[in-house]
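All of the numbers you see were taken from the coordinates with simple rules; none came from a lab. Please read all numbers here as calculations on a predicted model, not as lab measurements. Here the Cβ positions follow ideal geometry from the backbone for every residue, glycine too, while neighbour counts run over all protein chains shown.
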Amino acid sequence: MRTTLPRRRGAVAAMAVTGLLGAGLAASAAVAADSPARTGDSAAGPASPASPASPASPATSTTSTPIKHLVVLFDENVSFDHYFGTYPKAANTDGVRFTAAKHTPAVDDYLAHPELLKAKSARHPDGNPNAMPPFRFSPDEAVTCDQGHSYTPEEKAIDGGAMDKFVESVSGDTCGLLNRVGQTMGYFDGNTVTGLWNYAQHFAMSDNAWSDTFGPSTPGALEVVSGQTHGVRSYDPTSGTENPTPTSTPDSYAVHAPDASGVGTVIGDPDPVYDDCADANHTKTSALAGMVPEDRNIGDLLDAKSVSWGWFQGGFAPDVPYAGAGTYAQCTHTSTNIDGTPDVDYNPHHEPFQYYKSTANPHHLAPASPAEIGHDGQANHQYDLSLFYDALANKDGASLPAVSYLKAKNVEDGHAAYSDPIDEQHFLTRTINAVMKSSYWKDTAIVVTYDDSDGWYDHVAPTITNSSTTADDTSTCTAPAAAGVPMLNGLQDRCGPGQRIPFLVISPYAKQNYVGSSLITQSSVVRFIEDNWSLGTIGGGSFADTAGTITPLFDFSHRHLAPVLLRSNGTVKATGAKARAGR
């Protein structure tokens, strides 16, 4: 999937519908022609279940690159322009001062398209096509409303590539946070998201990374561990029985476009069935969702090759432990963000492995011993976030798994309304500093990316390479389908890519002060794991089978071991020898 950047906003606004569809077809052809064949890839055709995992092979640490440890920091709800819209130029009128290094590469942002910062008018006919132009949030406005980032509203905002319906379709203006109309058009700069801008200065990022599909958190979480949102059933929250039964049908929120067996696609945020803490610790009665046994995720492939791995999430350790049959573990601990707003630490629908029976830890059991972290055991690779830091420090016999996914507690995950970029920065700098000061830094890659865009405005239109034609879809996805853009494995309600999201690689092997422009998506993380540890592929219509590779963000012929330690406000504390000394 080595292809060029999607169309730029200016070209899209003037493009006729036939031109838009032709561009989509051309992109699809380019993907098919330029994506190398990979072991286990499945051909497009009728929907079919994935093959069962192959028997486990002897444990091996052999990798195809020098990367022996991958740490994925998977944060929430940010479009690329929302954090990097004016990179590397900050206003420097408030907050933390930021000055870019000389020769920082150009980025496809508002600086490349200054007309987008102006309202469209007779004087500025090339101005922003939305009801209002983008505006800067100050650091004092860090806690904002959540935007309307559901599957269909996001398609409406894209408006067939015109990128002109964000204010009408997704803007969240009525939550009581800030007095700003059209909040979807707001963006932060290096005076607020200072840490991410400094990581981009010293390592590599992409300005062509996308969510695999439109929609909210759960689809994005499933994509980054499987590349697949199809294969879901709904379950009764009380009895745990599957729907449909002779007296019931699939829940319309948990399952979209179901087949005759009630198996369909996730486009919303239903909680996972294999989780005691789902439905607010089973105090609510919303239908739950679970993936069918035939569907696999990257954990299944890692297990089959005896490669250590784990998902680590804030608040996963229950406040009330499981007490046996007829009881549930309960996750009730709360924290507050910088605005003083409390929220529960653990969010079940942010934990993708809990949707799969093969990789779930329903009762939130802790590992029997620290040495079990990353390996088979009663925790089944699902852990509290605190155990990641124990493994990083080799505490009590723990060791860092080869693959680690990290999810911050809610108030530090970046999700608008209950989190914010400043609290998120505290999590990022604390965690990345810890990795850099550990013995594992020399062969580790850290990926920072996001589950969805939250509906925040981004000026680049996606080139739809996977279409869909259900009642959930608008012309953004149905018009490409009519023009011949296919649906991978014939699976509906997986239209995408959706919107651009930030994507950074932080590693001794990452290119320095580099911006990559080859097209990648959330499932490119899955592809890197598959390829690096020679796992084969998930198949069954997984986007990872055709995803772009993140390897252009690396230079495996050169290793620069010097860490770059940041303060909690995102400024550089130490580099080089001083950083290695942990100062």
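Residues 206, 286, arranged from fewest to most other Cβ atoms within 10 angstrom of their Cβ, appear as 286, 206.
Normalised radius of gyration (Cα atoms, divided by 2.2 N^0.38 Å) for the stretch 209-264: 1.26. Pair-distance distribution P(r) for the stretch 464-583, from all Cα-Cα distances in 10 Å bins starting at 0: 12, 29, 27, 18, 11, 3 percent. Only one residue of 564, 208, 231 has its Cα farthest out toward the positive end of the dipole of the chain, where Lys and Arg carry +1 and Asp and Glu -1 on Cβ, and that residue is 564. Dipole size of the stretch 121-168 about its Cα centre, with +1 on Lys/Arg Cβ and -1 on Asp/Glu Cβ: approximately 180 debye, rounded to the nearest 20.
For the stretch 127-139, backbone phi angles converted through the Karplus equation (6.51, -1.76, 1.60; θ = phi - 60°) give residue-by-residue couplings of x, 4, x, 7, 5, 7, x, x, 9, 8, 7, 7, x Hz, Gly and Pro being listed as x. Note on the stretch 174-287: Rg/Rh from Cα positions, Kirkwood definition for Rh, rounded to two decimals, is 1.11.
Using C-alpha pairs below 8 Å separated by at least 6 residues, the relative contact order for the stretch 326-438 is 22 percent. Taking the inverse of the mean 1/r over every pair of distinct Cα atoms in the stretch 408-451 gives a Kirkwood hydrodynamic radius of 11.3 Å.
Could you point to the label whose value was computed as volume of the Cα convex hull per residue in Å³ for the structure here, given [x] 205; [y] 145; [z] 164? Read-out from the structure maps to [y].
Within the set 102/437; 89/165; 409/511; 437/573; 68/357; 407/511, which residue pairs have Cα atoms separated by over 23 Å?
On the way: 102/437 27 Å; 89/165 27 Å; 409/511 30 Å; 437/573 13 Å; 68/357 28 Å; 407/511 25 Å.
Checking Cα-Cα distances, 102/437; 89/165; 409/511; 68/357; 407/511 exceed 23 Å.
Put in order of Cβ neighbour count within 10 Å, fewest first, the listed residues 205, 132, 185, 487 become 132, 487, 185, 205. Across the stretch 269-274, rounded Karplus estimates of 3J(HN,Hα) from the backbone phi angles (6.51 cos²θ - 1.76 cosθ + 1.60, θ = phi - 60°) give 10, x, 6, x, 5, 8 Hz, Gly and Pro being marked x.
Only Cα pairs under 8 Å and 6+ residues apart enter the sum, and on that basis the relative contact order of the chain stands at 26 percent. Taking amide hydrogens as placed 1.01 Å from N in the peptide plane, the amide H of residue 407 sits under 5 Å from those of 312, 313, 314, each at least 5 positions away in sequence or on another chain.
Once the other residues with Cβ under 9 Å from the Cβ of residue 364 are scored (Lys, Arg +1; Asp, Glu -1), what is the net sum?
Working: positive: none; negative: 275, 276, 384.
Here the charged neighbours net out to -3.
Highest mean packing first, where packing is the average number of other Cβ atoms within 10 Å per residue, the peptides 99-111, 153-165 line up as 153-165, 99-111.
Net charge dipole, the chain: roughly 2300 debye, given to the nearest 20, about the Cα centre with Cβ charges of +1 for Lys and Arg and -1 for Asp and Glu. Here the extension length gained between residue 378 and residue 442 equals 20.0 nm, from 0.36 nm per residue of separation less the Cα-Cα distance. Given in Å, the Rg to one decimal and the Dmax to the nearest whole number for the Cα atoms of the stretch 458-527 are 15.2, 47.
A dipole drawn for the stretch 326-428 from +1 and -1 charges on Cβ atoms has a positive end, and of 427, 365, 334 the residue lying farthest that way is 365. Once backbone amide H atoms are built at 1.01 Å from N, residue 417 has 144, 146 as its partners under 5 Å, excluding neighbours fewer than 5 places away on the same chain. In this simple spin-label model, placing a label point 7 Å from the Cα along the Cα-to-Cβ direction at both residue 97 and residue 239 gives a separation of 6.8 nm.
On the beta carbon distance between residue 333 and residue 253, with R0 = 30 Å, the FRET formula returns roughly 0.65. When both bridge partners sit in the chain, DSSP labels roughly 50% of those beta bridges antiparallel. Scanning residues 5 or more positions from residue 402 or on other chains, those with amide H under 5 Å from its amide H are 308, 309, with H placed 1.01 Å from N in the peptide plane.
Thinking of the stretch 282-390 as a set of Cα atoms, what percent of all their pairs are more than 22 Å apart? Of the Cα pairs, 35 percent sit more than 22 Å apart. What the phi angles of the stretch 340-348 give under the Karplus curve with 6.51, -1.76 and 1.60, with θ = phi - 60°, is a coupling list of x, 7, x, 8, 4, 5, 9, 10, x Hz, glycine and proline written as x. Normalised by the number of residues in the stretch 394-468, the average gap of Cα pairs under 8 Å and 6 or more apart makes the relative contact order 17 percent. Among 136, 494, which comes first, second and so on when ranked by fewest other beta-carbon atoms within 10 Å? Sorted ascending by nearby Cβ count, the order is 136, 494.
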